[in-house]
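Let me begin by presenting the structure, written as structure tokens, before commenting on it.
The values are calculated or read from the model by the stated rules, or taken from the named source; none is laboratory data. Values in this document were obtained by computation on a predicted structure and should not be read as measured data. Heads up, the Cβs are rebuilt from the backbone with ideal geometry, glycines too, and the neighbour counts pull from every protein chain shown. Just the protein is used for accessible areas: all its heavy atoms, side chains included, with ligands, DNA and RNA removed. Shrake-Rupley method; radii C 1.70, N 1.55, O 1.52, S 1.80 Å.
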Amino acid sequence: MEQLKAILNYQEADKKLYAIERELAGSAERKEYVKAKKFMESAPERLDSLEAKACGLKAEAAQLEAEYAKMQDTLSDFENLDELVESGADLSFYKKKAQAKVDKLKKIKADLTALVASINATNTEYQELKKQVIAMQKQFAEVKKKYADIKASKDEEKSAIEAELSKLSEGISPELMAKYQTKRKERVFPVVGEIASDRCPFCGMEPPLAARNKLTGGATIECEHCHRIIFGK
């Protein structure tokens, strides 16, 4: 039971440190810092992606331009259509063939127009993102400093609590302390609690009977649902 008292005293002191951590985590300064940091981290990849997209579109446009030029050359074969007719050629055949090529030429031109529009839109997006990155570089430095300042304002208070926790941990077994700290790192808090009406005091789930039977003489179990440490009466 002495171990339980020790860990509960430790947890009570740790509650103050946890409150500071939650305050910092929920601060406007941290939210702005995290937002700016995520933007700066993702910006290079987004710029590279836009650049690669633009290069791909330009290559596709160049291919269509070459095809368009080739198709125009092919249509020149029909310039001497009168001579072919005079020599007894089937006019309807050549008309159909010429029309098919004209239709294909129109489609290529429409595709080229769409590609050019897409290239321009991608370039505009790229340039706009570059402007945002330049602006964010200055903003990031500012929000980073603000968050560092608010964290620093809590350093003295945190140090005092950590010193208190260090003393309190001396009466706790390494095994129990390690288990507690593991939960704490997983942002589980409170970590330890007394079973209430055969249920976990934190999530309300009822541990299996076999597990509850172990809660004697200061023994503990772990809640299968919320993974906190439970002790018996």
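One table, with the values for the structure above:
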| quantity | calculated |
| --- | --- |
| One residue from LYS130, LYS183 being touching a strand residue (DSSP E or B) at 6+ places or on another chain (Cβ under 8 Å) and at pLDDT 90 or above | LYS183 |
| Search result, residues across segment 35-62 that are within 23 Å of GLN139 (Cβ to Cβ) and open to solvent by less than 40 Å² (accessible area, probe 1.4 Å) | ALA36, PHE39, ALA43, LEU47, LEU50 |
| Residue ranges of helices (runs of 4 or more DSSP H) in segment 1-115 with at least 1 members at pLDDT 75 or above | 2-25, 28-75 |
| Residue within segment 148-161 that is basic (Lys, Arg), in a helix (DSSP H, G or I) and touching a residue at least 24 places away in the same chain (Cβ under 8 Å) present | yes |
| Number of positions in segment 40-72 that are over 12 Å from LYS130 (Cα atoms) and touching a residue at least 60 places away in the same chain (Cβ under 8 Å) | 4 |
| Test: residue in segment 157-173 that is polar (S, T, N, Q), out of contact with any Phe, Trp or Tyr (no Cβ under 7 Å at 6 or more places or on another chain), modelled with pLDDT under 95 and open to solvent by 90 Å² or more (accessible area, probe 1.4 Å) | no |
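One line per residue, one yes/no per condition, for (1) within 30 Å of LEU47 (Cβ to Cβ); (2) under 29 Å from the mean Cα position of the chain (by Cα):
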position: TYR126; (1), (2): yes, yes
position: LYS151; (1), (2): no, yes
position: GLU164; (1), (2): no, no
position: GLU186; (1), (2): no, yes
